[in-house]
Amino acid sequence: MDAAQQHTDRHDLERRVHVDLPRVRPEEMVATQETQPARDPRGGRDTDTEFMLRNAGVL
C-alpha cells in the first residue's frame, strides 16, 4: 500500500468516525441513580417479642 492510499484511507476513516463529544473530567464520572427506600421486612412489628409471647408457655 503506498503513502497516498494510506493517507486517503486514514482521511476516509477520520471523516466517517469523527464524533463531537463533550470532554468529561474524571471527577464528574460518578454513577447516580434514583432509589426508593426498602420496605420494612417486619412490617413495623417486633417479631422477636411476638415470638417470645406466643411460645412463653411451651416449657
* Rounded percent of accessible protein surface that carbon and sulfur make up, the stretch 10-59, 1.4 Å probe -> 54 percent
* To do: Over the chain, give the accessible area per residue in Å² for a 1.4 Å probe, as an integer.
  => 110 Å²
* Give me the angle, in degrees from 0 to 90, between the Cα long axis of helix 3-17 and the longest principal axis of the Cα atoms of the chain, rounded to the nearest 10. => 40 degrees
* Considering the options 35, 51, 7, tell which one lies farthest towards the positive end of the dipole of the chain, charges being +1 on Lys and Arg and -1 on Asp and Glu at the Cβ, about the Cα centre. => 51
* Label of the coordinate-derived value, percent of Cα pairs over 16 Å apart, listed as (i) 76; (ii) 53; (iii) 35 -> (i)
* Structure fact -> GluC sites (Glu not before Pro) in the stretch 19-59 lying in a DSSP loop, each with at most 11 other Cβ atoms within 10 Å of its Cβ, come to 34
* Please report, in debye to the nearest 20, how large the charge dipole of the chain is about its Cα centre when each Lys and Arg carries +1 at its beta carbon and each Asp and Glu carries -1 there. => 240 debye
* MRE, 222 nm, helices only [DSSP H, n ≥ 4, -39500 (n - 2.57), over the chain, to nearest 500] -> -12000 deg cm²/dmol
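The values are calculated or read from the model by the stated rules, or taken from the named source; none is laboratory data. Owing to the predicted nature of the structure, the values given are computational and were not obtained by experimental measurement. With ideal geometry, Cβ positions are generated from the backbone for all residues, glycine too; neighbour counts draw on all protein chains shown. These accessible areas exclude ligands, DNA and RNA; they are computed on the full protein's heavy atoms, side chains included. Shrake-Rupley method; radii C 1.70, N 1.55, O 1.52, S 1.80 Å.
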